[in-house]
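Reviewing the structure listed below.
The values are calculated or read from the model by the stated rules, or taken from the named source; none is laboratory data. Predicted model, so just to flag it, every value in this text is computed and none were measured. We place every Cβ from the backbone using ideal geometry, glycine too, and count neighbours over all the protein chains shown. Calculation scope for accessible area: heavy atoms of the full protein, side chains included, ligands and nucleic acids excluded. Shrake-Rupley method; radii C 1.70, N 1.55, O 1.52, S 1.80 Å.
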Amino acid sequence: RLPAGYYRLQFQDKQGQWSRWLPFAVVLPLEQAQAHDLDIPYAMDSAQSWLAAPGFSGNSLQPEGAYELISDLEALAGFSMIRERLNWGEVSPRPGVYNWGRYETNADLLSERGMSVLGMFHSAPAWAKEGLKSLPHDLVATYEFCKAAARKFSGQMTAWEFWNEPELQGFNQDPSWDLAAAHKAAYLGFKAGDPNVDVLIGSNCVHPAPRFFEVLMRNGVGDYMDIFNFHVYTPLNQYQEIAEGKRQFISRYGQEDKPMWVTENGLGVEGTGKEDPIVPGSTLREHDREQELAQAELMVKAQITMQSLGVARDFSFVFPPYNERGGGKVWGIFRWDYTVKPAYVALANLISQLGNCRYLGKLDLDGISAFLYAQPDGGQ
């Protein structure tokens, strides 16, 4: 019996040749992994309806039943909230027609395992755009779809995020006042479908907040959000300036009492994956040993640092294997053959150690930051 932790195994043949090393993890039993307050700040972005779909990225090594596998692994890590994705046009190809498909499958899998879901979409079907490039022009249709989605997933998707990184051209090519109008319609629809759901503004990813977001707030979007959220992929030493800047930003518009979430947070500075692809014939590179350790270190430090800066929830990015930039940029905390990376075990350990603890404060020493937590039994 091995203690909980991360391991690497190699086999040696009779000629003395060593096999490729094989990673595996030992984690706590499910009842121990999830024995914590459901409102813990440590969360995960999985996007599993997309990234674990059969045949995603042509991954010939993807196991069968990836949706179930990922949901099991998230539960075993102790996560209580998962960020997902949804495609409006796929779900509703015509007005009033709803085929929830894989999004219903994954919402059920996650909720059955005791996890709530942050839902998000950043696309509109052609029939709802009416001349806009990305955003829906039909505000009634926006309202009706968000109402139907919130009602369908009531009790499962406990929060909704309308649009993603809208200040980037790749996600939005329309003026911010059109996003403001669509966001208000979405907010009213979500609340009509489930009055208890939290609604987040589209995630800000440029620091400081650009003019695009200034115009959004001038158009009154702050009164139509329950939570302000942003994305961070910078080095750790920039977190304090970013978080304080976001708080100052929403305070200028009278929203200083709103919670702040980081809905994407990951290692963005390690460069191209240094290991060759393991998926035959692909360009999907892998992290090497040092890059994997840097990812694990950053994810744990990011969670604790954001908590100390007053961020109510932080979603590490991203759970399944996923690459960008022609296959060179590695994101997932699993490799493309779904073997485990150290970040998975590090996050599971973080939740096990601190999931039931209350943050008290920080002490800065010479080159060291210490964080104090209160334990349920009264200890620290």
Would you mind finding the one in 48, 62 that is in contact with a Gly (Cβ under 8 Å, 6 or more places away or on another chain), in contact (Cβ under 8 Å) with a residue 24 or more places away in the chain, closer than 30 Å to residue 263 by Cβ and polar (S, T, N, Q)? 62
Looking only at region 243-260, decide whether some residue is aliphatic (A, V, I, L, M), in a helix (DSSP H, G or I) and open to solvent by 30 Å² or more (accessible area, probe 1.4 Å). no
Residue hits (region 102-135; of a type in the set (S, T, N, Q), farther than 22 Å from residue 89 by Cβ and within 16 Å of the chain's Cα centre (by Cα)) are 116
Please state which of the following conditions residue 103 fails to meet, knowing it meets all the rest: (1) buried (at least 22 other Cβ atoms within 10 Å of the Cβ); (2) touching a Gly at 6+ places or on another chain (Cβ under 7 Å); (3) of a type in the set (Ser, Thr, Tyr). (2)
Filter region 235-261 for residues that are within 30 Å of residue 329 (Cα to Cα) and either out of contact with any His (no Cβ under 7 Å at 6 or more places or on another chain) or among the aromatic types (Phe, Trp, Tyr) (or both) and give the result. 235, 236, 237, 238, 239, 240, 241, 243, 244, 246, 260, 261
Would you tally the residues in region 313-330 being of a type outside the set (Val, Ile, Thr), assigned to a loop (DSSP other than H, G, I, E, B) and in contact with a helix residue (DSSP H, G or I) (Cβ under 9 Å, 6 or more places away or on another chain)? 5
Selection count, region 27-66, where residues are farther than 19 Å from residue 264 by Cβ and of a type in the set (A, V, I, L, M): 9
Being assigned to a loop (DSSP other than H, G, I, E, B), touching a residue at least 24 places away in the same chain (Cβ under 8 Å) and either crowded, with 17+ Cβ neighbours inside 10 Å or in contact with a Gly (Cβ under 9 Å, 6 or more places away or on another chain) (or both) is the filter here, so list the residues in region 340-380 that pass it. 341, 355
For region 292-306, indicate whether the set of residues that are open to solvent by 40 Å² or more (accessible area, probe 1.4 Å) and in a loop (DSSP other than H, G, I, E, B) is non-empty. no
With respect to residue 70, is the statement that it is open to solvent by less than 40 Å² (accessible area, probe 1.4 Å), in contact with a strand residue (DSSP E or B) (Cβ under 6 Å, 6 or more places away or on another chain) and β-branched (Val, Ile, Thr) true? no
Residue among 362, 301, 274 that alone is within 21 Å of residue 5 (Cβ to Cβ), at pLDDT 95 or above and not hydroxyl-bearing (Ser, Thr, Tyr): 301
Checking the structure you have, find out if any residue of region 160-176 is at pLDDT 95 or above and surrounded by fewer than 17 Cβ atoms within 10 Å (Cβ to Cβ). no
Residue under evaluation residue 134, criteria (1) out of contact with any Gly (no Cβ under 9 Å at 6 or more places or on another chain); (2) open to solvent by less than 10 Å² (accessible area, probe 1.4 Å); (3) polar (S, T, N, Q), criterion not met: (2)
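Can you tell me which residue in region 224-242 is most open to solvent (accessible area, probe 1.4 Å), limited to those that are over 20 Å from residue 166 (Cβ atoms) and in contact with a helix residue (DSSP H, G or I) (Cβ under 7 Å, 6 or more places away or on another chain)?
Checking each candidate, the answer is 236.
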Identify, please: which residue in region 197-219 is assigned to a helix (DSSP H, G or I) and charged (D, E, K, R) and is, among those, surrounded by the fewest Cβ atoms within 10 Å (Cβ to Cβ)? 211
Answer yes or no: is there a residue in region 267-280 that is open to solvent by 10 Å² or more (accessible area, probe 1.4 Å), of a type outside the set (S, T, N, Q), closer than 25 Å to residue 39 by Cα and not in a loop (DSSP other than H, G, I, E, B). no
Report whether or not residue 110 is out of contact with any Pro (no Cβ under 6 Å at 6 or more places or on another chain), at pLDDT below 95 and not charged (D, E, K, R). no
